[in-house]
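Just so it is clear, none of the values below were taken in a lab; they were calculated from the coordinates. Here the structure is a predicted model, which means the values were calculated and not measured. No Cβ is skipped: glycine too gets one built from the backbone with ideal geometry, and neighbour counts run over all protein chains shown.
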Amino acid sequence: MQVGQQRELKHDKKCLLIGSGCALYPLGWDSEEVQQTCGNSSDQFKLGSCQIGWAYYCTGAGAATAMLLCTWLSCFAGKKQKHYPY
């Protein structure tokens, strides 16, 4: 396995962990603390009277962007460079 492919796998794992953390985060919205703060209508994937901040969206977008960017860059990591005669 080439070095670029190894790095791609490491970065993909990290991006998948961040993305899965963002996906699993709303599962905790039915806890007692959230219901006290956001109202009794809060449940899993339903936040009640509270709102999601911009940081949650930025984290999800950053994880997706990093995964796409790392995959794209690793495609070029194993290619041979052209040697120009100048």
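When you restrict to C-alpha pairs under 8 Å that are six or more residues apart and normalise by the size of the range 3-77, the relative contact order lands at 42 percent. Cβ-Cβ distance of TYR25 and THR65, R₀ of 22 Å, FRET efficiency by 1/(1 + (r/R0)^6): the value works out to about 0.75.
Here, P(r) means the percent of Cα pairs in each 10 Å bin from 0 to the largest distance; for the range 3-77 it is 19, 35, 23, 15, 8, 0. Residues whose amide H comes within less than 5 Å of that of ASP43, counting only those at least five positions distant or on another chain, are GLY48 (H built at 1.01 Å from N in the peptide plane).
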